Every structure is written in C-alpha cells, then in structure tokens.
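The values are calculated or read from the model by the stated rules, or taken from the named source; none is laboratory data. Quick caveat, the model's predicted, so the values are computed rather than measured. As a convention, Cβ positions derive from the backbone with ideal geometry for all residues, glycine included, and neighbour counts pool all protein chains shown.
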C-alpha cells in the first residue's frame, strides 16, 4: 500500500518530507513480533472480542485504512462469516495430506499452490 506524506515528520531516524511516497508493507506489518505473539502461527483466536490491544487494532489493516479503506470491507466480512457458518454446518474441510501451504504476497496474500482440501460431510 502506498501513501503520500501530507506533512513533514520524523520516524525514528528517518526524515519524512511532505509529498514523499511511502510504502506500507501490510504483509510484513501483519507479521511483526512487535505487535503479534508468534506472528506466523495461524491463530484466529487472537481476534476474538476483547483480545486485541489498541496498537494491534491499528496494525491490522487487511482492507487498508482511513479515507481509502476498501468500500467492500464490511460486505466481504459478513459474506465470509455467512459462508463459513452455513458451509461449516454441512461439511468439514481437511487439508490434503502432503499438500504444501506457502503464503504468497501480492496486493492481497494467497496460497501459492492453492489449498487442496478434502470435503467430508458432517453427521446429522
């Protein structure tokens, strides 16, 4: 994500001048040990209500932030939760044994080799 500095600023030992182009590496930000305990581990519980600190809320920006935040962020979140809730009642998914899972970073991140899953119906 890139942004243009609106004003002069000092960040650590780096001077930022108004008009400078800044790159915010979201993929790296979401994995900084300064904000996240064991940042490379899949742990959805870290986002449970009441678990995130104020600093973590500012550091987690999957849909960008501010006036340029993705306009579809709320819809995408509701859609994702709905699909998981409905599908999760009917089937369980398991990663195909031996299939490599490797994160690839682009504008968004994705599994480089896809996710080969075994779909198993739930009883009931």
Worksheet entry | Only one of 62, 33, 49, 39 that is free of Cβ contacts under 8 Å to residues at least 24 places away in the same chain and under 18 Å from residue 109 (Cα atoms) | 39
Discussion item. What's the total number of residues in segment 70-79 that are in a loop (DSSP other than H, G, I, E, B) and either exposed (fewer than 10 other Cβ atoms within 10 Å of the Cβ) or more than 14 Å from the chain's Cα centre (by Cα) (or both)?
Written reply: 2
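Would you mind finding the one in 49, 39, 33 that is modelled with pLDDT under 95, assigned to a loop (DSSP other than H, G, I, E, B) and within 23 Å of residue 102 (Cβ to Cβ)?
Details: 49 fails: within 23 Å of residue 102 (Cβ to Cβ); 33 fails: modelled with pLDDT under 95.
Within the list 49, 39, 33, the selection yields 39.
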